[in-house]
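See structure below.
Here, each number is a calculation from the coordinates, and none is a lab measurement. As the structure is a computational prediction, the values presented were derived from the model and not from experiment. Note: ideal-geometry Cβ built from the backbone for every residue, glycine included; neighbour counts use all protein chains shown.
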Amino acid sequence: MYDQISSNKAKSVLLVVFFVVLVLAVGWAFGYMTDLGPGGLLIALGIAFFMTWGSYWYSDRIVLGMSRARPASKKSEPYIVNTVEGLAIAAGLPVPRAYIIEDPAPNAFATGRNPEHAAIAVTRGLLEKMNRLELEGVIAHEMAHIKNYDTLVQTLAAVMAGTVVLLADWLLRAMWWGGGGRRGRGRDGGGVSGVLAIAALLLMVLAPIFAAVIQMAISRKREYLADANGALLTRYPQGLADALRKIASDPSPLRVANKATESMYIYNPLKDYRGGRGLNSLFETHPPIQERIGRLEAMASPGGGA
C-alpha cells in the first residue's frame, strides 16, 4: 500500500510539472503567432495568476453554492458531524465544516484551499443508504483529499486547463477573423520562421486536448491516493469498497452535479465509468470503479498491507 501511495504522489507531481510546461509553451505560441513575443508568456502567466487567486480564495464557497449544500447541524444531523469530527482527530487535522446536500443520490466531495479552511459535503442519499463502516470509509476518503491538498491541486489543474483553452481560443479566433499575426502570415515566406509558425499553430490547436487529458489524469491519480489513504485512516478498506459499490450501482441521478463539479465527487455523478477503456478513458475524471474496488479489497485481504 505504501508503495502505491508513494507512486501516486510522484505521478501527480510529474503531471503538474507537465501542466506548467504546457501553459508556458502555449504562452510562447500565443506570443509568437501574435508578434507579442515574451508578452505572450506574460499574458499567460497573468491570466493564470488572477484565475488562481480567485479560485484559491473563493472556490469552496462557489462549489458549495453550486451544489446547494447547507451546513450540517449537530442537533439535526449529529451522526455526520460526529463522524467528521472523529476522523479529523484521527487524521490529525482541523475539523472540516460538514455540509448536507438534499439529494437522494449517494455521493460526497471535499473542498477548501487548505485543511484549515476545508469542508466536506455529503448527500442525503449517502446518509440514508450507507451503514456506519461505509459512511466512515467515504468520509475518510474525503479527509484524505483534504490532508493531501488534493482540492488545491485540482483547483490549480482546472485553472491551468482554463488558461490553455482561453489562450488557444483567443488566438484561433484572431487568426480566423484577422488572418493572424505577422508571423502567422509567414512574414519571411518560409524557413525556420515558417516551421515555428506551423509548430505554434499545431500547439494551439492540440493544447486544449492535452490540457484536458492531463487534468483528468491528475484527478484519477488523486482518487487512487485518497482511496489508499482513507483505507489507512479507518484500517478497514472493505468499508470504502462496499460504499463505492453501492454508490456506483445506485440509480438515482445527482441533480445538482455539473461538468464543473463532477471531478470533485467520490464517484463521477454524470457518467458510468465502471468499464472505461481505450482512448475514452483518457478523459475520465475518475478511475474505473471496479479497479478502485479491486485495489481496496486487495488491501483488505491477508498480506494486503491494511
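Side notes on the structure shown:
- Which of Trp170, Trp57, Trp28 has the fewest Cβ neighbours within 10 Å, and the rest in rising order: Trp57, Trp170, Trp28
- Taking a straight line from the alpha carbon of Lys259, these aspartates and glutamates sit under 12 Å away, with near neighbours fewer than eight places off in the same chain left out: Glu284.
- Protection proxy ranking of 130-141, 255-266 - average other beta-carbon atoms within 10 Å, highest first: 130-141, 255-266
- Environment charge at Asp103 (Cβ cut-off 9 Å; Lys +1, Arg +1, Asp -1, Glu -1): +2
- Each Cα pair of region 92-180 feeds into the Kirkwood radius, which the Stokes-Einstein equation turns, at 25 °C and 0.890 mPa s, into a diffusion coefficient of 160 µm²/s.
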